[in-house]
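Inspection log for the structure reproduced underneath, given as structure tokens.
The values are calculated or read from the model by the stated rules, or taken from the named source; none is laboratory data. All of these numbers come straight from a predicted model, not from anything done at the bench. Neighbour counts run over all protein chains shown; Cβ positions are idealised from the backbone, glycine included. Side chains are part of the model used for accessible areas, which takes the heavy atoms of the whole protein and leaves out ligands, DNA and RNA. Shrake-Rupley method; radii C 1.70, N 1.55, O 1.52, S 1.80 Å.
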Amino acid sequence: MKALKTLLIGALAFTATAASAQVYEAKDGSTYEFQKYWFLDLEGGAQYTLGEAKFRRLVRPNVQLAIGRQFNPWLGVRLQVNGWQSRGYWDLGMLDNQGKIFPGHYPIGYTFNYVAPGLDLMVDLTTLIGGYNPTRIFGLKAFLGGGANIGFTNDDLNDHLNKDRGNGLTLRENPAPNTTGHGFEYVWDGSQVLPFGRGGLEASFRLNKCISLLVEGNANIISDKYNSKKTDNADWYFNVLGGLRFNLGNTYTKTLPPPPAPEPVPVVNPEPQPDPAILELQRQLKQLQEEKDKVEPLRRDVFFLINKTDIRESEAQKVKEIAYYLVKYPNTRVVVTGYADAGTGNDKINDRLAAQRADAVVKTLQQQYGIESSRISYDSKGSRVQPFSDNDMNRVSICIAE
């Protein structure tokens with residue numbers, strides 16, 4: 001107990017000097033600043049009451065409820081209520097006045113109930129050693145406190161003491177000779193209130209920012225009267241508990257790192273503005289060049305005699321002009337469309353004549369003047385389409401180059 005007090009005093013002194021270190025900086029540049037918060041503990045486990053019997057005989061269930069306040073990363077306080085059952089055991093070695101053992105009445109085991117509200121001062125050892133880090137998974141705390149143990153329902157022991165021992169007497173009326181001065185001199189009925197002191201350790205495992213898993217062990221010292229037996233020394237009971245802690249509200253304020261500064265934009269000296277008169281002159285020169293380069297479409301109509309598909313000498317000049325145009329302007333193409341007059345023949349004959357007239361012009365352009373076939377398109381309309389009102393003029397191949 002003295003060592004625990006020394007540890008607590010040292011922790012408090014360290015806390016006073018380091019109270020300003022309540023900010024944690026993560027690797028990504030985020031900062032976490034501590035905030036005071038409340039917490040709630042729900043725990044359950046087992047209690048061992050120190051006594052004169054095997055360990056397993058003195059173990060009973062135990063629960064604990066607590067509400068606390070964390071004042072800074074190292075120091076907190078909680079109001080806890082612990083209780084349920086305690087167990088006593090006493091080998092009376094009961095003898096009657098003739099030195100005979102009372103048959104079937106020893107040893108005595110008995111259970112009684114209690115509830116023990118108290119106040120604990122808690123020091124976070126992990127933070128004292130490793131610094132504040134709210135994202136840390138494991139934490140270890142030491143605590144020291146005390147309160148009032150309220151015992152009740154001691155009927156189990158009183159029933160033993162008041163039971164007929166077979167000779168018409170009770171143990172209360174005829175105690176065993178070898179227990180004088182060390183028997184049930186402190187037996188109580190109804191209830192009793194005794195002060196107690198406690199100390200222990202608590203390990204926590206962080207599940208998320210609001211919930212932690214707890215494992216706690218504590219030792220409690222109390223008056224010799226606690227378990228009704230007189231032993232001339234203090235009584236002890238020990239609790240091992242596990243449960244959950246719920247943080248109520250925010251435990252820290254998180255600040256994200258500032259965004260990276262934008263890269264400086266290089267300063268570029270503006271280009272000098274040209275003279276408006278020069279710009280206008282350049283525009284006019286460009287317009288003249290475009291007009292010079294502009295190519296006007298060329299149309300030539302090659303006429304044929306009735307029922308003829310060969311190009312007459314008088315019409316050959318027109319094909320020659322088409323060829324020269326295509327040679328002069330390499331990016332141009334020509335479309336040749338053949339026709340027949342509707343006044344003679346029939347559709348079958350006229351379709352053949354129109355196709356052959358267009359073909360005659362195409363072959364002349366290719367074979368005589370070397371015009372690539374990729375630059376020539378041709379079609380025939382027969383006599384179904386009449387481009388001229390004069391019937392005889394519809395015996396024609398119309399050539400349009402552009």
I'd like the distance between the alpha-carbon centres of region 367-402 and region 309-353, rounded to an integer number of Å. 4 Å
Within region 310-402, what whole-number % of the accessible surface is contributed by carbon and sulfur, with the 1.4 Å probe and all protein chains included in the calculation? 48 percent
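Which value, in debye to the nearest 20, describes the size of the charge dipole of region 268-402 about its Cα centre when Lys and Arg Cβ atoms bear +1, Asp and Glu Cβ atoms bear -1, and nothing else is charged?
Numbers: 20 positive and 21 negative charges, 103 e Å.
In debye, rounded to 20, region 268-402 gives about 500.
Distance cut-off 23 Å, Cα to Cα: go down the list Lys318/Lys363; Lys54/Lys230; Lys308/Lys348; Lys294/Lys363; Lys54/Lys141 and report the pairs above it. Don't skip to the end; give the middle numbers.
On the way: Lys318/Lys363 14 Å; Lys54/Lys230 19 Å; Lys308/Lys348 15 Å; Lys294/Lys363 28 Å; Lys54/Lys141 31 Å.
Over 23 Å Cα-Cα: Lys294/Lys363; Lys54/Lys141.
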quick shape note, region 224-378: Cα extents on principal axes in Å, largest first -> 150, 61, 29
Accessible area per residue of region 242-360 at 1.4 Å probe, in Å²? 73 Å²
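Of all DSSP beta bridges located in region 281-402, what percent are antiparallel, nearest 5? Each step should come with its number before you reach the end.
On the way: 11 of 16 bridges.
In region 281-402, approximately 70 percent of DSSP beta bridges are antiparallel ones.
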Solvent-accessible heavy-atom area per residue, rounded to whole Å², over region 121-160 at 1.4 Å: 39 Å²
Segment Asp232-Arg299, extension gain: residue separation times 0.36 nm, minus the distance between their alpha carbons: 10.6 nm
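Which order do the peptides 278-285, 326-333 take when ranked by the mean count of other beta-carbon atoms within 10 Å per residue, highest first?
On the way: 278-285: 10.0, 326-333: 13.1.
In decreasing order of mean packing, 278-285, 326-333 become 326-333, 278-285.
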Note, region 273-279: 3J(HN,Hα) by Karplus (6.51, -1.76, 1.60, θ = phi - 60°), whole Hz, Gly/Pro = x, goes 6, x, 5, x, 5, 5, 4
At q = 0.17, 0.19, 0.20, 0.24 Å⁻¹, what log₁₀ I(q)/I(0) does a Debye calculation on the Cα points of region 321-402 give, no solvent, two decimals? -0.64, -0.76, -0.81, -1.01
